[in-house]
Amino acid sequence: MVNNVKTVLLLGLLTGIILAIGSFWGESGLMIALVMSVMMNFASYFFSDKIALSMYRAQPVTREQAPQIYRIVEFLCARGGIPVPKIYVIPDQSPNAFATGRNPQHASVAVTEGALRLLNEEELTGVLAHELAHVKNRDILISSVAATLAGMIMWIANMARFAAIFGGGRDSDDEGGGALGMLVTIVVAPIAAMLIQFWISRTREYQADAGGAAIAGSPHGLASALQKLDNYAKKIPMEASPSTAHMFIMHPFSGKALMNLFSTHPSTEKRIARLLGRSIR
């Protein structure tokens, strides 16, 4: 129920932002914005998972192509009492994974080639269990919608920036329109995207870690995998969009970017400590 409310609020936020930008171009702009908001709400709900998968060129794999993954996922789904999701492999050497979809009946799990090469079976089981915990907890919809929303905000901001550069606005003689467009680009859009990142609470990762350990039957595989993922993700950062960073099991950037100050992921040290019941200072 809580995640359903959050999803409605995010879709409402998307509508409000699009309408606000559209009103900047008068009544005609408002009407175009209204049509766009309806289309984006529909796309966010029904196609946000496909958008996320296509962004990373994720390819569906069959049982014959990836027998190990299917065996592990089917075992974990039986333990967790959830349907078997669609399985994808991402052609990227940075080790990572994410789950997406609007509910357990329409879910997908994607793993990078780098993770498949790096992790042993126990660790891969832990990672897949973590992602299936997201599916079981039903927080994959809000995660997917938030990614689409953050991307849409930046796209709208870029359109406003180009309009400002070329003198767009309610009145060609009114420079306030261009200033507003630039303000959206420089200030509003980054802040909105950051707030969306924070909306996807860090607690969901702790919950998925704990849920994954329960589904797998042990926390040790996931704990070991998190340490490996953290080490290698820094060496081989993923070319990921900040709008989708919250979807991955491990923050996909190298750790040097300013964006990491606003990471939706808790530190790997804290995640492992919680998994293993340790305290850290």
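Among (1) at pLDDT 60 or above; (2) not assigned by TED's automatic domain parsing to the domain that holds residue 114, where does residue 215 come up short?
(2)
Quick check on this structure: which one of 86, 6, 50 is modelled with pLDDT of 95 or more, within 24 Å of residue 243 (Cβ to Cβ) and basic (Lys, Arg)?
86
What strands (runs of 3 or more DSSP E) lie completely within segment 56-137 and have 3 or more residues being free of Cβ contacts under 8 Å to residues at least 60 places away in the same chain, within 23 Å of residue 228 (Cα to Cα) and aromatic (Phe, Trp, Tyr)?
Of the strands (runs of 3 or more DSSP E) lying wholly inside segment 56-137, none has at least 3 residues that are free of Cβ contacts under 8 Å to residues at least 60 places away in the same chain, within 23 Å of residue 228 (Cα to Cα) and aromatic (Phe, Trp, Tyr).
Check whether at least one residue in segment 62-75 is of a type in the set (A, V, I, L, M), within 14 Å of the chain's Cα centre (by Cα) and either closer than 17 Å to residue 149 by Cβ or assigned by TED's automatic domain parsing to the domain that holds residue 218 (or both), and report yes or no.
The answer is no, given that none of the residues of segment 62-75 is of a type in the set (A, V, I, L, M), within 14 Å of the chain's Cα centre (by Cα) and either closer than 17 Å to residue 149 by Cβ or assigned by TED's automatic domain parsing to the domain that holds residue 218 (or both).
Report yes if some residue within segment 246-256 is in a helix (DSSP H, G or I) and modelled with pLDDT of 85 or more; otherwise report no.
Checking segment 246-256: at least one residue is in a helix (DSSP H, G or I) and modelled with pLDDT of 85 or more.
Looking at segment 224-236, can you tell me whether even one residue there is at pLDDT 90 or above, of a type in the set (A, V, I, L, M), assigned to a helix (DSSP H, G or I) and out of contact with any Pro (no Cβ under 7 Å at 6 or more places or on another chain)?
Among the residues of segment 224-236, at least one is at pLDDT 90 or above, of a type in the set (A, V, I, L, M), assigned to a helix (DSSP H, G or I) and out of contact with any Pro (no Cβ under 7 Å at 6 or more places or on another chain), which makes the answer yes.
Which of the following residues is in contact with a strand residue (DSSP E or B) (Cβ under 8 Å, 6 or more places away or on another chain), surrounded by 19 or more Cβ atoms within 10 Å (Cβ to Cβ) and outside the structural domain of residue 108 (by TED's automatic domain parsing): 92, 49?
Going through 92, 49 in turn, just one is in contact with a strand residue (DSSP E or B) (Cβ under 8 Å, 6 or more places away or on another chain), surrounded by 19 or more Cβ atoms within 10 Å (Cβ to Cβ) and outside the structural domain of residue 108 (by TED's automatic domain parsing): 49.
The values are calculated or read from the model by the stated rules, or taken from the named source; none is laboratory data. Because the structure is a prediction, the values reported are computed rather than measured. When we count neighbours, we look across all protein chains shown, and the Cβ atoms used for this are built from the backbone with ideal geometry, even at glycine.
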